[in-house]
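Enquirer: A single structure is presented below for examination.
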Amino acid sequence: MDHEESLRKCLADTVDMAAIAVVTADEPGSASAAAATALAELAHTEPAINGARLDIVHVRPEIGTRTALTNALYASLHPAIRAGTRPRPRNLTDANKDIEDQLHRRAPVVLAVHDAHILRTQALQDVEGLWKDLHPPVRPAIVLLGDTRLTTLLRRPALDGLNSLVYWELSLP
């Protein structure tokens, strides 16, 4: 199986299981570019689930803090935020509640978290918490994308819980 086929299989299985996958590559941005293409193809070929098409949400945090991750996720789920016409709630708890509400409304969802290797431990623990708090059929599939530092980062003892939930781990050349 070549790398493109492996990536398609990884993503399809992750979506089917509403699981967590980690896709890394040696070159920064390579995993993101390859996964974005494969996810777009998957969204067009994946049959509707309960009458709803697969929704791919690309999350691109600018820095690795939990606030930056929440801001990026919130903005990805709210077009008015991206356009700058609506502010994010000031309180992170309110923002996270709204994120969960959006995920309930938009299921089935794949969260593609780009540059996940820059995320700090606490931000990655928030990813784990979000996934665990939501239950099928609204639980999103999560694809963490980054360079090879992501694999090392996930081996931290504080991230054992998240690491144990990873269904697929794929390293691209």
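The values are calculated or read from the model by the stated rules, or taken from the named source; none is laboratory data. Keep in mind the model is a prediction, meaning the values are calculated, not measured. Please note: Cβ atoms are built from the backbone with ideal geometry, for glycine as well, and neighbour counts cover all protein chains shown. Areas reflect the complete protein model, heavy atoms only, side chains present, ligands, DNA and RNA absent. Shrake-Rupley method; radii C 1.70, N 1.55, O 1.52, S 1.80 Å.
Enquirer: With +1 on the Cβ of every Lys and Arg and -1 on the Cβ of every Asp and Glu, and nothing else charged, how large is the dipole of the chain about its Cα centre, in debye rounded to the nearest 20? Don't skip to the end; give the middle numbers.
Expert: Details: 18 positive and 22 negative charges, 144 e Å.
Result for the chain is approximately 700 debye, rounded to the nearest 20.
Enquirer: Another question about this same structure. Return the carbon/sulfur percentage of the accessible area of region 64-164, one whole number, probe 1.4 Å, all protein chains in place. Present the calculation step by step, with values, prior to reporting the outcome.
Expert: On the way: 2330 of 4740 Å².
Reported share for carbon and sulfur atoms: 49 percent.
Enquirer: Please express the Cα-Cα pair-distance distribution P(r) of the chain as a list of whole percents, one per 10 Å bin, running from 0 to the bin with the greatest distance.
Expert: Calculated over all Cα pairs of the chain, the distribution is 10, 41, 38, 11, 0 percent.
Enquirer: Computed over the Cα atoms of region 71-173, what is the convex hull's projected area averaged over all directions, in nm²? Provide the component values of the computation, followed by the final result.
Expert: Values: hull surface 28.6 nm².
Over all viewing directions, region 71-173 projects a mean Cα-hull area of 7.2 nm².
Enquirer: In a shell of Cβ-Cβ distance under 14 Å around residue 148, excluding residue 148 itself, what net charge do Lys and Arg (+1) and Asp and Glu (-1) give? Don't jump to the answer; show the numbers that get you there.
Expert: Working: positive: 149, 155; negative: 26, 27, 115, 147, 169.
Every neighbour counted, the sum reads -3.
Enquirer: Also: If we count every other residue with Cβ under 15 angstrom of residue 27's Cβ, Lys/Arg +1 and Asp/Glu -1, where does the sum land? Could you put the intermediate results ahead of the total?
Expert: Details: positive: 149; negative: 26, 115, 147.
Around residue 27, the charge tally is -2.
Enquirer: Next question. When DSSP beta bridges are limited to those with both residues in the chain, what percentage is antiparallel, rounded to the nearest 5?
Expert: On the way: 1 of 22 bridges.
Antiparallel bridges: around 5 percent, rounded to the nearest 5.
Enquirer: Another question, then. Under a point spin-label approximation (7 Å from Cα along Cα-to-Cβ), what is the residue 149-residue 133 distance to one decimal in nm?
Expert: 2.7 nm
Enquirer: Report, to two decimal places, the Cα Rg of region 108-151 normalised by 2.2 N^0.38 Å (N = number of residues).
Expert: Here the Cα radius of gyration is 1.18 times the empirical estimate.
Enquirer: Show me, for region 23-30, the HN-Hα J-couplings you get by feeding each phi into the Karplus relation (A = 6.51, B = -1.76, C = 1.60, θ = phi - 60°), rounded to Hz, glycine and proline as x.
Expert: Coupling constants for region 23-30: 10, 10, 8, 5, 8, x, x, 5 Hz.
Enquirer: Put +1 on the Cβ of every Lys and Arg and -1 on every Asp and Glu Cβ in the chain; which of 65, 171, 153 then has its Cα farthest towards the positive end of the dipole?
Expert: Among 65, 171, 153, the one farthest towards the positive end of the dipole of the chain is 65.
Enquirer: Under a crude label model (7 Å from the Cα following the beta-carbon direction), how far is residue 60 from residue 171 in nanometres?
Expert: About 2.7 nm, to one decimal.
Enquirer: Here is a follow-up. Residue 160 versus residue 93, label points 7 Å from Cα toward the beta carbon: distance in nm?
Expert: 2.9 nm
Enquirer: Could you derive backbone 3J(HN,Hα) for region 123-140 from the dihedral phi with the Karplus parameters 6.51, -1.76 and 1.60 (θ = phi - 60°), listing whole Hz in sequence and x where the residue is Gly or Pro?
Expert: 5, 5, 5, 5, 4, 4, x, 4, 5, 6, 6, 9, 10, x, x, 9, 4, x
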